[in-house]
1. Being surrounded by 13 or more Cβ atoms within 10 Å (Cβ to Cβ), at pLDDT below 95 and of a type in the set (D, E, K, R) is the filter here, so list the residues in segment 1-39 that pass it.
2. Among the numbered criteria (1) among the hydrophobic types (A, V, I, L, M, F, W, C); (2) more than 23 Å from C93 (Cα to Cα); (3) touching an Asp or Glu at 6+ places or on another chain (Cβ under 9 Å), which single criterion is violated by F47?
3. Based on what the data block shows, is C71 part of a loop (DSSP other than H, G, I, E, B), of a type in the set (A, V, I, L, M, F, W, C) and in contact with a helix residue (DSSP H, G or I) (Cβ under 8 Å, 6 or more places away or on another chain)?
4. Cβ-Cβ distance below 6 Å, separation of 6 or more or different chains: which pairs start in segment 70-84 with a residue that is within 14 Å of C34 (Cα to Cα) and end on one that is aliphatic (A, V, I, L, M) and surrounded by fewer than 22 Cβ atoms within 10 Å (Cβ to Cβ)?
5. With outside any strand (DSSP E or B), surrounded by fewer than 19 Cβ atoms within 10 Å (Cβ to Cβ), in contact with a helix residue (DSSP H, G or I) (Cβ under 7 Å, 6 or more places away or on another chain) and not aliphatic (A, V, I, L, M) as the only criterion, which of H52, H66 stands out?
6. Can you pull out the residues in segment 22-44 that are in contact with a His (Cβ under 8 Å, 6 or more places away or on another chain) and either under 11 Å from A85 (Cβ atoms) or not in a strand (DSSP E or B) (or both)?
7. Here is a list of conditions, (1) within 16 Å of M87 (Cα to Cα); (2) touching a strand residue (DSSP E or B) at 6+ places or on another chain (Cβ under 6 Å), and L51 meets all of them except one; can you say which number that is?
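The values are calculated or read from the model by the stated rules, or taken from the named source; none is laboratory data. Small disclaimer: the values here were computed from a predicted structure and weren't measured. Neighbour counts are summed over all protein chains in view; Cβ atoms, including those assigned to glycine, are modelled from backbone coordinates with ideal geometry.
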Amino acid sequence: MTKITVHSRVCDHTHVISGVRKGKMIHIDIDSSCENVQRLAHIEVPFREILHVKDNFVLERAQEAHCSGNCLVPCGILNVCWIEAGMLSSTLCKKAGSVEIEFH
């Protein structure tokens, strides 16, 4: 199981995303105070539909949930999926600690 925390400081929400791969699906659970993100709280992501930006299952669900274009949660979900799919190293991610956008 992979578990991450997304700190959306611009909108003042914190989201805990966890996921586990079961066969060809990645089961995602999210604990969030955001109503839009809560619509994504329990989704099953098909393994093959996380590879590209175009026609991406997670991004399509985020759009349907009315997440804003600057919402970091879809990216967080994709990172969890990539780790669970073995396409991103959990060791590397833990070593890096976080991903950051810095405003100037």
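1. R39
2. Result: F47 passes all but (2).
3. When the stated conditions are applied, C71 passes them.
4. Taking only residues 6 or more apart or on different chains, the pairs are P74/L59.
5. H66
6. Of everything in segment 22-44, those that are in contact with a His (Cβ under 8 Å, 6 or more places away or on another chain) and either under 11 Å from A85 (Cβ atoms) or not in a strand (DSSP E or B) (or both) turn out to be S33, C34, N36, V37, R39.
7. (2)
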